[in-house]
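First the structure, in the form of structure tokens, and then the observations on it.
The values are calculated or read from the model by the stated rules, or taken from the named source; none is laboratory data. Every value quoted in this text rests on a predicted model; they were computed, and no experiment measured them. Neighbour counts are summed over all protein chains in view; Cβ atoms, including those assigned to glycine, are modelled from backbone coordinates with ideal geometry. With ligands, DNA and RNA removed, areas are computed over all heavy atoms of the protein, side chains included. Shrake-Rupley method; radii C 1.70, N 1.55, O 1.52, S 1.80 Å.
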Amino acid sequence: MKTTKIIVICVAALSLVGCDTIKSLHGKYQSQATIPADVYGNDVPLTNDSTSLADISWRDFFTDPLLQQLIDTALSRNTDIQSARIAIQQSEAALEAAKQGFFPTVYFSPSGSISSFGGNAASKTYNLPLQVNWDIDAFGTIKNKKRKSEAVLLQAQTSKQIVQANIVSAVAQQYSTLLLLDQQLEILISTDSLWNISLETQKILWENGKSYSTAVNQMESSYLNVKTSIVDTRRNIRKVENAICSLLAITPQHIERSRLGLYSLPRRFSTGVPALLLQNRPDVKLADYAMEEAFYDTQIARAAFYPSISLQGLAGWTNSAGGGVVNPGKILLNAVASLTQPIYAQGKLKANLKISQLTQEDLMNRYVQTVIDAGNEVNEALADFQAAVEKHDYYHRQVEVLHSAYKGTHELMDNGKASYLEVLTAQETLLNAQLNEATNMYNGAMGIIALYIALGGGTR
């Protein structure tokens with residue numbers, strides 16, 4: 001009889017709403033992620049190649065073994081990556097808890113009492129019940145909570161990918177900066193030696209009456225400027241080394257590295273088709289998972305308008321059944337089905353649904369902006385890299401020409417056929433050209449690293 005009543009209650013609850021409504025409340029999120037064909041910009045050539053630069057693992061992309069070692073250390077020690085791992089474990093625990101919502105909750109709540117009336121012998125009673133509560137997921141609330149927890153876990157896993165890509169990028173960029181500073185220091189030290197020779201030559205000319213003291217002073221001033229630049233560059237090297245140590249979560253120390261000219265990165269690659277942004281860019285995936293979470297929040301808010309059905313049962317032993325004292329105890333059984341239909345909740349249900357729907361709309365807008373920003377990053381990084389490649393030969397030829405000009409001007413000064421101003425100009429122009437060439441190589445390295453990360457690289 002009790003079973004029949006329970007079935008009647010459940011059927012009555014389901015009859016309050018239509019089958020289509022129940023089906024929609026159990027519906028699964030369908031990704032609304034779309035991406036325009038020209039997301040990279042019209043000036044970025046695209047092919048039908050399904051592969052992308054981002055498909056390369058960071059270990060294959062950064063082939064310098066010293067850099068690989070630094071990245072490995074950072075990924076194992078960096079505190080941000082450790083926090084991301086903990087966030088994943090927390091989300092996994094929450095998902096496990098959500099899965100348990102499909103099962104009944106069981107409580108063991110023993111109780112007993114001793115009573116005496118009018119000085120009579122004490123009467124002892126006890127209850128040893130197991131209580132069971134089971135929520136029937138007729139309208140998908142429990143299922144949607146589980147799916148929401150799955151979306152949260154995906155967000156935590158994707159956030160870890162973002163952290164990893166950022167760490168890989170940061171270590172590689174700081175490493176490239178270190179190589180640039182090493183190259184600049186090498187150029188400055190070489191310039192220091194050459195300019196010292198020019199200064200000594202100018203002093204000899206002055207002592208022999210073939211030059212003026214102002215020429216010596218001008219030469220010495222430029223020479224001392226190079227000296228101070230060397231000090232500044234060494235200080236900057238220490239600063240970048242410390243920044244790398246911070247990323248690696250180690251104490252300040254010297255960072256082993258190669259030379260800028262030996263530091264090679266891919267120069268031929270494919271950006272892939274735009275749809276790959278959805279497959280590789282973790283921030284784009286994260287935005288989509290956030291929309292998925294919001295979708296299930298809305299489903300939960302909608303389900304709150306419909307009845308909740310729960311089954312409650314009690315089984316155990318008691319010696320007070322029927323009001324009498326009986327030993328040993330008798331088995332006590334009880335089963336109850338309840339239905340709760342919200343009628344008026346002070347507007348909270350409507351407000352929660354509206355908030356959830358607005359959150360979905362907001363996250364959709366954010367997703368669109370994330371895709372646009374991703375395309376802009378690809379366009380900018382590719383433009384930086386291409387510009388550096390185009391300028392490389394020009395800078396290299398400029399250094400060759402100016403080095404030859406400097407040698408010729410210095411020889412003319414030795415023979416009294418050129419003034420100190422011409423030599424100074426030749427020296428400073430050559431130095432600037434050498435520094436510009438090194439900086440352009442650095443810009444090229446930074447451009448290809450930025451492009452690799454913008455396409456979604458660094459997560460493998």
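Taking 0.36 nm per residue of sequence separation and removing the Cα-Cα distance, the residue 109/residue 351 pair yields an extension gain of 83.3 nm.
Taking amide H positions as modeled 1.01 Å from N, with prolines and chain starts lacking one, no residue 5 or more places away or on another chain lies under 5 Å from residue 62. Relative contact order, whole percent, for the range 89-234 stands at 19, derived from Cα pairs under 8 Å and 6 or more residues apart. Calculate the FRET efficiency for residue 232 and residue 83 from the Cβ-Cβ distance with a Förster distance of 41 Å, rounded to the nearest 0.05. Using R0 = 41 Å, I get an efficiency of 0.70.
Label-to-label distance for residue 254 and residue 30 is 6.3 nm, based on points extended 7 Å past Cα in the beta-carbon direction. Please find the FRET efficiency linking residue 340 to residue 366, where r is the Cβ-Cβ separation and R0 is fixed at 41 Å, and quote it to the nearest 0.05. About 0.70, to the nearest 0.05.
When a/c is below 1.5 the answer is rounded, else prolate if a/b is larger than b/c, else oblate, so apply that to the range 68-155 with a ≥ b ≥ c taken from the square roots of the Cα gyration tensor eigenvalues. It is oblate, given that a/c is not under 1.5 and a/b is not larger than b/c. Here the average projected area of the convex hull drawn through the C-alpha atoms of the range 127-184 stands at 7.7 nm². Annotation: amide H-H contacts under 5 Å for residue 317 (H modelled 1.01 Å from N, sequence separation of 5 or more, or interchain): 128, 332.
Approximating the spin labels as points 7 Å out from Cα along Cα→Cβ, the residue 380-to-residue 72 distance works out to 3.3 nm. Extension gain, residue 213 to residue 392, is 60.4 nm, computed as 0.36 nm per intervening residue step minus the present C-alpha separation.
Converting the Cα gyration tensor eigenvalues of the range 155-257 into ellipsoid dimensions via √(5λ) gives semi-axes, longest first, of 46, 11, 9 Å. Here r is the Cβ-Cβ distance between residue 197 and residue 38 and R0 is 41 Å; the resulting FRET efficiency, rounded to 0.05, is 0.10.
Among the protein heavy atoms, those of residue 254 account for about 110 Å² of accessible surface (1.4 Å probe, every chain in place).
Between residue 63 and residue 407, full extension at 0.36 nm per residue minus the direct alpha carbon distance yields a gain of 120.0 nm. 3J(HN,Hα) couplings calculated from phi for the range 171-186 with the Karplus curve 6.51 cos²θ - 1.76 cosθ + 1.60 (θ = phi - 60°) are, in sequence order, 5, 5, 5, 5, 4, 5, 4, 5, 5, 4, 5, 4, 5, 5, 5, 4 Hz; Gly and Pro show x. When the residues 34, 201 are ordered by accessible surface, computed with a 1.4 Å probe over the protein chains alone, the sequence from largest down reads 34, 201. Distant-in-sequence amide contacts of residue 136, defined by a placed amide H-H separation under 5 Å and a gap of 5 or more residues or a different chain, comprise 309, 310, 311.
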